[in-house]
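Data first, discussion second: the structure below is written as structure tokens.
Nothing in this text is a laboratory measurement; each read-out follows from the coordinates by a stated rule. Please read these numbers as outputs of a predicted model, since none were measured by experiment. Neighbour counts run over all protein chains shown; Cβ positions are idealised from the backbone, glycine included.
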Amino acid sequence: MSQPPDLEPPVPDGDLHALKRRSVHGSAATFVGQGCRFLLKFAAQILIARLLLPADYGLVAMVAPILALTYLFGELGLGQAVILQRDVTPAEASTLFWFCLLLNLVLAAGLALLSPAIAWLYHEPRTIPVTLALAALLPVAGLAGQPAALLNRDMRFAALAILDVVPPAVSLAAGFAAAWSGWGYWSLVSAAAAETAATVVLAWSLSDWRPVRPVYDPRIRRLIRVGGHITAYNLAGYATTSFDNILLGAVQGSVPLGLYDRGYRLAVQPVTQLMTPIGRIAVPLLTRLRHDERRYKRAYLDMLRLMMLVGVPGIIFAMTMARPVILTLLGVRWAGVAPVFSWLCLGSLASPIYASTFWLFTTQEGTGRQVTYVAAVSVISVLSFVAGLPWGPAGVAAGGGLSFLMVSTPLACWGATKNGVVTAADLAAALLPLLIAALTTAAALAIARSYLAETGAAVLACAVLLSYGTFAGTLLCLPFGQPVIRRAWDLGLILTQGARVAP
């Protein structure tokens, strides 16, 4: 089948010039696409939340952890395995596709059978139809796995940018229309269904790959082995992202869980959207550079610093101005989200660093070791959630945020740099000026907070400018911070304007 028009061909293996050209040209599309996706997702968080109640979100959030677990097993890490293995044949991709489809059908049936048990766990019978509806989306979502993974592997960033933008736009329209019509929590299910359907249709439209009849090949076991390591990593991290919801829902009910869920989404989603475009470029790029240690180290540290420069001032602003942010965006009804949001933002300061350890583990064939460290992180997270549970949603957020910042992220960094190209000393040297700038910015915002009004878009805009201005100004005043700004500026030009790749 011919390739879709106006989309990039795959990058030839071993062609460094083509790799640089594709990284430069595609990264701009990636950042634009992810920027639009963030705005759409953020708009959905605000617009739909103003039409619903905390209990509506809490009800769907009760089912979300179990659904996330089935998605982990349904994908089985095979999408990332395809990206990391450059010699996957079309026949192997087809075999993986049919295998995942069958697996998702089985998991959907199993989830449907578990729906009464989920209702019993939360003492909430309304979760049964919600679980059945979301279970039906599992095999549908699985249809997009292989086409999207192959687009990513071949660095088809323009196509991926379309996948970033259109499905959340469809989701926002469907969810808002349903909420406006009074569908309550079913509007959230409608939004998920619309996004899933749009993703599948687009993935197949943009990809020139089509599955053929499955044929067993002994080499398929290597992909399943790599995917198994990635799944084990995701499963080990599952407790970090899901056990808090289960605890709150089972012990305190839908309203506290709804407040926690809104705070979690608002704190985590922007950081995720920041890391996704760079991570999408980082994994295939570092995979190709892993035999050139100097370029590998330089590329990794540059991308990490860029994430920190863009994200940390915004996170500090959100953490310090949590109450004005929540009151301005969601209204007084959601005021209880503010302490949850603030504590989770504190933990999010380390999210870019923690996420970058995934690049190091996977691109240096360390997925097996990665599972061990993430399992330890998961145990720490669960203990922190349990410790904070007596204080409600804010206590769970405080326990999770503090443990992630002070224990989990340092542990993951130590494991990722223990025997790799990037050492702990390299990482510490890269992050030191950013740490000084972060502390200075937090102090400046804390002082300014006492002089600012409680709510208002103008107040928030001033605080954002103060945060980014103080952060950049502090780096410019530090002799060892100025090179950070220069490298980030050069990399930003590369990623947004297609400038010459820095040596």
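Mean silhouette area of segment 16-497, derived from the convex hull of its C-alpha atoms and averaged over all directions, reads 21.6 nm². Sorting Arg126, Arg262 by the number of Cβ atoms found within 10 Å of their own Cβ, with the fewest placed first, yields Arg126, Arg262.
Listed by Cβ neighbour count within 10 Å, with the fewest neighbours leading, Ile316, Ile447, Ile485, Ile326 appear as Ile447, Ile485, Ile326, Ile316.
The 3J(HN,Hα) values that the Karplus relation (6.51, -1.76, 1.60; θ = phi - 60°) gives for segment 472-484 are, in residue order, 5, x, 4, 5, 5, 7, 8, x, 8, x, 4, x, 5 Hz. Gly and Pro appear as x. Projecting the Cα positions of Leu478, Gly58, Ile326 onto the charge dipole of segment 16-497 (unit charges on Cβ atoms of Lys, Arg, Asp and Glu, taken about the Cα centre) puts Leu478 furthest along the positive direction.
Between Leu465 and Ala443, the modelled labels are 2.4 nm apart [label points 7 Å from Cα along Cα→Cβ]. Karplus-based coupling profile of segment 34-42, in residue order and whole Hz: 5, x, 5, 4, 4, 4, 5, 5, 5, with θ = phi - 60° in 6.51 cos²θ - 1.76 cosθ + 1.60 and x standing for Gly or Pro.
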